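Data block below; observations after.
The values are calculated or read from the model by the stated rules, or taken from the named source; none is laboratory data. Just so it is clear, the structure is predicted and the values come from calculations on it, not from any experiment. Positions of Cβ are generated from backbone atoms using ideal geometry, with glycine treated the same way; all protein chains shown enter the neighbour counts. Please note that ligands, DNA and RNA were not included when accessible areas were found on the heavy atoms of the full protein model with its side chains. Shrake-Rupley method; radii C 1.70, N 1.55, O 1.52, S 1.80 Å.
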Amino acid sequence: MPTDTAAAPEATAPRSLLTRLLDGVERVGNKLPDPAILFLLLMVVVWIVSWALSGVRFDAIDPRTGSAIEVRNLLSGASLTGFMAAMVNTFVTFPPLGVVLVAMLGLGVAEHTGFISAALRAALVVTPRMLLTPALIAVGILSHVAVDAGYVLVIPLGGVIFYAAGRHPLAGIAAAFAGVSGGFSATFLVPSSLDPLLSGLSQAAAQLTDPSVVVNPLNNYFFTSASSLLIILVGWFLTDRVIEPRLRSVPVDGDPSQMPTLDPLTEGERRGLRWAVLAMAVVAALFVVTLLPETSPWRAPPGTPVLDGQSNLLVSQAPLMQSIVPLILVFFLVPGVVYGVASGSVKTHRDVVQGMAKSMSGMGYYIVMAFFCAQFIYAFGQSNLGALIAIEGANGLRALGLPLGVTLVGIVGLTAAVNLLIGSASAKWALIGAVMVPMLMELGVSPDLTQAAYRVGDSSSNIITPLMPYFPLIVVFCQRYVKSSGIGTLVALMLPFSVALLVSWTLFLLGFWALELPLGVGASYEYVPAR
């Protein structure tokens, strides 16, 4: 069983100023309405503000249309009827919803049969306790290759791993969240799908000034790869020295029957693990065999643009990259079922279905929050308020005429602030980049450096905004262990990570720039107009 340090209160321990400040943030945050109602209230606020600003003329030019930006009145008859007509489709096409539910089917079976618990207990026997945190953060960063899979796979496992190791599960969730989302722009060994997406937008913005500019999709690869080490070190220090000590006074009051333990493996569990690992190896081998042929259906269609040296399996158009979540389902379902049969925890097919149903029953609260979150994000996007804030902020930064180093810091800060309202990395960069890239090119700054500054700000504040689509899901993960967890709990957990990453990562970028270390493939710091 976990040691007392995971749950036992320490009422007599002195509490530092930082701890008291975070406690205050948690108390205030948890006094906010339920997340579902909060999204509803914010949507009403957006409606009212859009109505108030719909008649105002703005000079800012919308880069998407080339004309002055306009705020759309969401309280007009056409907007309200359009909102109602799109409501169901807005909900069912909400990107995180399908990702979460499909992945949870496989994870639910693996958890119900006991495969996850047994596998983690076996792994923890050979894993040094002190390396759990950096290993977890590194896996979170590596999960970026699989797009959003880290949110539904790595983060909940972070809580399970820490609890089974006798540590506070919320600290594990926080560390995993920091790696998956706080380090979203970092890459570890393999480029992420974000690289070509952002570079394409940077190139489009740069060509507004110079049509000859070509931006390499790996233009920030060296910087983002080096950033992985920074994120692991910062996250490791904060988790072990700040977050976990603060959580010692927070009791774990989740359902004990659902908690993993460190009991020795029984003979049946060992037998189940052996067969499950063998099943995983067979499935993985067969899968690899289907990937190898040049004509593999997993590869991108012929004619798809591919970088030099890049596999056509790893571009966004490839069926492989579009099937990450179903593959997670399969790679947990198969060993989960095999483990259950071999260990005796699965007697009939009904036990498998029960595992799926059990995982879905636990997602009810998240589904409710996802409905209201989807409607809010749709309304906010339709209003153009987010675009107005981003464009006006970028124009204001340009008007200040600050030194280059200060301007780079300003880009990081502006992005971090806008990120609290606009969750999509591509949407923010399409708006901010269209102003900042050409502006800094006029000062001799390359699009590569401007994009790197954007990526720092975009990642650092991901983990503290309740408007991030996966934020409600992380709250649900926390509630499995501490029932009173709310928005304030998660914000207080992640605020030290956000501030530390924002400061240290910005300094890291400035250090790269000062030392003229290469940012990435084909990247530069200076822009020299073509003659």
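Taking every pair of distinct Cα atoms and averaging 1/r, then inverting, what Kirkwood hydrodynamic radius in Å comes out for region 314-367?
13.1
Roughly how large, in nm² to one decimal, is the mean projection of the convex hull of the alpha-carbon atoms in region 431-515?
Hull-based average projected area comes out at 6.7 nm².
So, taking all protein chains as they sit and a 1.4 Å probe, how much accessible area belongs to residue 332, in Å² rounded to tens?
Surface open to solvent at residue 332 totals about 40 Å².
What ranking do 453-459, 411-417, 26-32 get when scored by the average of other Cβ atoms within 10 Å per residue, highest first?
453-459, 411-417, 26-32
Is the C-alpha gyration tensor of region 324-413 telling us rounded, prolate or oblate? Criteria: a/c under 1.5 is rounded; beyond that, a/b larger than b/c is prolate, otherwise oblate.
Prolate.
Sorted by accessible area (1.4 Å probe), largest first, how do 474, 161 line up?
161, 474
For region 352-437, what % of the accessible area comes from carbon and sulfur atoms, probe 1.4 Å?
On region 352-437, the fraction of accessible area on carbon and sulfur atoms equals 72 percent.
Note down the accessible area of residue 295, probe 1.4 Å, to the nearest 10 Å².
Taking all protein chains as shown, residue 295 has close to 130 Å².
If all Cα-Cα distances of region 386-531 are sorted into 5 Å bins from 0 onward, what percent lands in each bin, rounded to whole numbers?
So the P(r) values, bin by bin, are 2, 10, 18, 19, 18, 14, 8, 6, 4, 2, 1, 0, 0.
Straight-line reach from residue 483: which lysines have a Cα under 18 Å away, not including same-chain ones fewer than 8 places off?
Within reach: 31.
State in Å² the accessible area per residue of region 52-124; use a 1.4 Å probe, count heavy atoms of protein chains only, and round to the nearest integer.
48
Could you give the distance between the Cα centres of region 38-58 and region 344-370, to the whole Å?
A separation of 39 Å, based on Cα centres.
Using the Cα atoms as the points, what is the convex hull volume per residue of the chain in Å³?
Taking the convex hull of the Cα positions in the chain, it is 166 Å³ per residue.
Report the Stokes-Einstein translational diffusion coefficient (µm² s⁻¹, integer) for region 293-442, Rh taken as the Kirkwood radius over Cα pairs, at 4 °C with viscosity 1.567 mPa s.
Roughly 63 µm²/s, to the nearest whole number.
Let me know the charge dipole size of the chain about its Cα centre in debye, to the nearest 20, where only the beta-carbon of Lys, Arg (+1) and Asp, Glu (-1) is charged.
For the chain, the charge dipole is close to 840 debye.
Let me make sure I get this right: for region 471-531, a, b and c are the square roots of the gyration tensor eigenvalues over alpha carbons, sorted descending. Under 1.5 in a/c it's rounded, otherwise prolate if a/b > b/c, else oblate. Which is it?
The shape class here is prolate.
Would you please put 168-174, 197-203 in order of how densely packed they are, using the mean number of other Cβ atoms within 10 angstrom per residue and starting with the highest?
Highest mean packing first, the order is 168-174, 197-203.
Over the heavy atoms of residue 240, what accessible area does a 1.4 Å probe trace out, to the nearest 10 Å²?
Approximately 50 Å² of residue 240 is accessible to the 1.4 Å probe.
For region 384-472, rounded, prolate or oblate, judged on the Cα gyration tensor with a ≥ b ≥ c (square roots of eigenvalues), a/c < 1.5 rounded, else prolate if a/b > b/c?
In terms of gyration-tensor shape, prolate.
Please sort through the DSSP H helices of the chain and keep those with an alpha-carbon extent of at least 30 Å along the long axis and a Kyte-Doolittle average not below 1.6.
The answer, listed by residue number, is 487-515.
Taking only protein heavy atoms into account and a 1.4 Å probe, give the accessible area per residue of region 470-531 in Å².
In whole numbers, region 470-531 has 43 Å² accessible per residue.
So what is the relative contact order for the chain, in percent, with contacts set as C-alpha pairs under 8 Å and at least six apart?
Over the chain, the number comes to 27 percent.
Work through the residues other than residue 505 whose Cβ is under 12 Å from its Cβ and net out their charges, Lys, Arg +1 and Asp, Glu -1.
So the surrounding residues net to 0.
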